[in-house]
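S.K.: I have a structure here, written as structure tokens, and I will follow up with some questions on it.
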Amino acid sequence: MGNCCSDVAGGRAAVGGSGAAAGNDAVDHFLKSRGMYSSQMELSFSATNLRDRDVLSKSDPILIGYTKGKDGTLAEVFRTEVVLNSLNPTWITKHVITFQFEAVQTLVFHAYDVDTQFHNIDVKMLKLEELQFLGEASCVLSEVVTRPSRSLTLDLLFREDPTMSGNPRHCGQLIVHAEECISSKSTVEMVLRCSDLEHKDLFSKSDPFLLISKIVEVGLPIPVCKTEVLKNDHNPVWKPIYLSIQQVGSKENPLMIECFNFNSSGKHDLIGKVKKSLVELEKLHSNGEGENLFLPTTVGHNHQNKVLKSQLFVDKFSQSSQWTFLDYLAGGCELNFMVAVDFTASNGNPRLPDSLHYLDPSGRLNAYQRAILEVGEVLKFYDSDKRFPAWGFGARPIDGPVSHCFNLNGSNNHSEVDGIQGIMTAYTSALYNVSLAGPTLFGPVISNAALIASQSPANGGKKYFVLLIITDGVVTDLQETKDAIVKASDLPLSILIVGVGGADFKEMEILDADKGERLESSSGRVASRDIVQFMSFRDVQSGEIAVVQALLAELPTQFLSYMRSREDIQPNI
């Protein structure tokens with residue numbers, strides 16, 4: 001790259017330097033654990049009032065960016081160019097980063113002054129120990145993207161002797177600005193239908209749904225979208241689906257559209273498939289034509305495709321720019337965190353080490369504390385006042401009957417606590433002030449959360465609520481819980497359920513509609529959208545996926561499904 005310097009004027013002028021059933025469990029796991037939302041962010045940087053380390057001129061600053069791991073280690077991810085002779089630089093170099101909602105992405109920035117003797121050296125080859133340190137700053141990416149302007153001003157700090165304690169000196173300010181890459185906003189809306197689907201069920205018609213996957217050069221196709229299940233229908237017309245261009249790569253990228261017959265076991269039967277790009281699907285719509293489904297078959301050593309009479313039609317195809325998850329956040333929307341903790345007797349005596357509620361004197365967190373901390377540490381950045389409703393259920397408060405929704409802080413009047421540490425403190429205090437009882441009922445806490453969420457539309461609709469339920473056992477009031485969830489599916493509310501301990505949580509998975517069927521209430525009403533995500537802490541601990549990632553992966557998609565259904569809610573950007 002040679003000389004990587006720029007002057008101030010140049011900086012200101014620059015505008016930006018397989019088998020039918022075999023793989024379905026894996027597909028469901030992929031969709032469940034990775035979610036559907038990601039967004040590329042372009043970060044740009046400027047600074048003001050930097051320290052002047054040069055005698056006859058001003059400093060020549062460069063900015064180095066790092067990501068910070070959970071263990072505190074720093075990994076360098078970018079270096080800007082050197083801006084000559086400036087204490088208020090605007091760097092041309094941008095850094096593109098994938099925003100991960102479900103992770104706390106800590107960024108660290110170091111500013112240096114580059115002496116004249118190093119100006120002709122490629123910035124990648126500069127040795128930092130030979131440069132003069134100007135200051136450092138850090139932030140979490142969530143703090144940047146939730147600002148109305150998507151700009152965050154950080155104090156640059158400098159400590160004369162890093163080994164000594166004491167307050168560091170303020171040495172200027174760093175401004176971090178984020179822009180969402182435009183491909184994240186370009187969205188295709190399609191209405192798909194099929195005709196003459198083949199029978200797969202013995203005594204009834206098929207229950208079809210579509211799975212759309214992106215075909216990549218290496219490895220299995222990557223699932224990006226799944227429709228609802230339509231029961232007993234050989235000529236199904238599914239609800240509109242939305243695909244961002246970023247999800248599929250480009251309009252020319254081939255997609256595999258597979259039609260499955262739903263089975264409650266999770267082993268769905270492949271009815272047929274079609275391989276088409278968005279460009280080709282748009283052409284089908286324009287010409288009013290259908291595309292025959294095919295089934296892969298093997299004849300001897302030859303792999304062939306059996307063409308079926310069943311056809312796929314595109315009844316609607318439109319492309320537009322839609323508000324994204326980050327648009328809503330920057331436009332004033334918030335995610336408000338709520339938590340409910342299971343205090344039923346099946347958790348065991350909290351004073352004994354084998355209890356799930358045991359408070360280890362060494363400071364090691366139990367599963368309840370870990371779930372609160374890990375989920376809360378992500379969601380707190382999206383809540384401006386950081387006051388969180390916290391409840392307990394399944395316990396008997398002092399001198400009272402068993403309660404299935406009591407305030408964790410012991411108050412009779414309000415349930416909110418200050419910050420994540422406030423939840424942790426209220427949880428610890430409650431263990432000393434209640435008697436564990438039972439049974440395990442979710443209905444009351446879900447109804448309480450729904451009551452709070454129902455007030456959001458009347459207050460401008462800019463608040464979306466996230467209820468975390470942590471439990472050690474199978475819910476006793478399953479039908480009442482289903483009824484409460486179905487009723488709440490029209491509200492700005494998502495429910496995250498974490499199962500802790502060694503119980504069999506198979507029934508709990510019914511509440512999570514990831515396997516295709518939406519919940520149905522006792523009156524026959526079907527949930528308007530999927531708002532529940534269930535995860536067993538045990539299963540997550542044994543795998544590579546963190547509980548936070550597994551739980552929160554679907555939340556942006558659930559948030560968008562609600563916001564986009566409400567035409568009266570628009571981000572203020």
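S.K.: I'd like to know if region 289-305 contains one or more residues that are modelled with pLDDT of 95 or more and either among the polar types (S, T, N, Q) or over 25 Å from Ser250 (Cβ atoms) (or both).
M.R.: yes
S.K.: Find the residue count for region 416-433, including only residues that are modelled with pLDDT of 95 or more, open to solvent by 20 Å² or more (accessible area, probe 1.4 Å) and not in a helix (DSSP H, G or I).
M.R.: 2
S.K.: Further, regarding this structure: Every residue in region 353-408 that is among the hydroxyl-bearing types (Ser, Thr, Tyr) and farther than 27 Å from Glu143 by Cβ, please.
M.R.: Ser355, Tyr358, Ser362, Tyr368, Ser403
S.K.: Considering Phe537, Phe559, which residue is modelled with pLDDT of 90 or more, over 25 Å from Phe262 (Cβ atoms) and aromatic (Phe, Trp, Tyr)?
M.R.: After ruling out the rest, the residue left standing is Phe559.
S.K.: Across region 94-116, which residue is nearest to Thr48 (Cα to Cα) among those that are in contact with a helix residue (DSSP H, G or I) (Cβ under 9 Å, 6 or more places away or on another chain) and open to solvent by 40 Å² or more (accessible area, probe 1.4 Å)?
M.R.: For region 94-116, the residue satisfying everything is Asp115.
S.K.: Hey, any hits in region 347-367 for a residue that's in contact with a strand residue (DSSP E or B) (Cβ under 6 Å, 6 or more places away or on another chain) and not polar (S, T, N, Q)?
M.R.: no
S.K.: Something else: Where in region 175-274 are there strands (runs of 3 or more DSSP E), lying fully within it, with 3 or more residues that are at pLDDT below 90 and buried (at least 16 other Cβ atoms within 10 Å of the Cβ)?
M.R.: 222-226, 241-244
S.K.: Right, another one. Condition (residue is open to solvent by less than 50 Å² (accessible area, probe 1.4 Å), among the basic types (Lys, Arg) and over 24 Å from Tyr382 (Cα atoms)) applied to region 54-75: is it met by at least one residue?
M.R.: No.
S.K.: Ser362 - would you say it is open to solvent by 20 Å² or more (accessible area, probe 1.4 Å), of a type in the set (Gly, Ala, Ser) and outside any loop (DSSP other than H, G, I, E, B)?
M.R.: no
S.K.: Moving on to the next point. Given the conditions (1) charged (D, E, K, R); (2) over 22 Å from Ser265 (Cβ atoms); (3) at pLDDT below 80, which single one is not true for Arg564?
M.R.: Result: Arg564 fails condition (3) only.
S.K.: Could you say whether any residue in region 195-214 is over 25 Å from Glu289 (Cβ atoms) and within 24 Å of the chain's Cα centre (by Cα)?
M.R.: No, every residue in region 195-214 fails to be over 25 Å from Glu289 (Cβ atoms) and within 24 Å of the chain's Cα centre (by Cα).
Per-residue answers, yes or no, for (1) at pLDDT 95 or above; (2) touching a strand residue (DSSP E or B) at 6+ places or on another chain (Cβ under 9 Å); (3) within 19 Å of Leu157 (Cα to Cα); (4) not in a loop (DSSP other than H, G, I, E, B):
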position: Arg53; (1), (2), (3), (4): no, yes, yes, no
position: Ser59; (1), (2), (3), (4): no, yes, yes, no
position: Thr67; (1), (2), (3), (4): yes, yes, yes, yes
position: Asp71; (1), (2), (3), (4): no, no, no, no
position: Ile92; (1), (2), (3), (4): no, yes, no, no
position: Ile97; (1), (2), (3), (4): no, yes, no, yes
position: Val108; (1), (2), (3), (4): yes, yes, yes, yes
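S.K.: Counting just the residues of region 328-345 that are surrounded by fewer than 20 Cβ atoms within 10 Å (Cβ to Cβ) and touching a strand residue (DSSP E or B) at 6+ places or on another chain (Cβ under 8 Å), which one comes out nearest to Gly438 (Cα to Cα)?
M.R.: Only one residue tops the list, namely Ala345.
S.K.: Something else about it: I need a count of the residues in region 118-151 that are hydrophobic (A, V, I, L, M, F, W, C) and either open to solvent by 70 Å² or more (accessible area, probe 1.4 Å) or within 22 Å of the chain's Cα centre (by Cα) (or both).
M.R.: Count: 6.
S.K.: While we're looking at this one, here's another question. Condition check: closer than 19 Å to Ser536 by Cα, of a type outside the set (Ser, Thr, Tyr) and part of a strand (DSSP E or B). Does Val375 satisfy that?
M.R.: No, not satisfied.
S.K.: For Tyr112, work out the one condition from (1) in a loop (DSSP other than H, G, I, E, B); (2) over 30 Å from Val466 (Cα atoms) it doesn't fulfil.
M.R.: The number of the failed condition is (1).
The values are calculated or read from the model by the stated rules, or taken from the named source; none is laboratory data. In this text the structure is predicted, and so the values were computed from the model without any measurement. No Cβ is skipped: glycine too gets one built from the backbone with ideal geometry, and neighbour counts run over all protein chains shown. Surface accessibility is based on the protein's heavy atoms, side chains included, excluding ligands, DNA and RNA. Shrake-Rupley method; radii C 1.70, N 1.55, O 1.52, S 1.80 Å.
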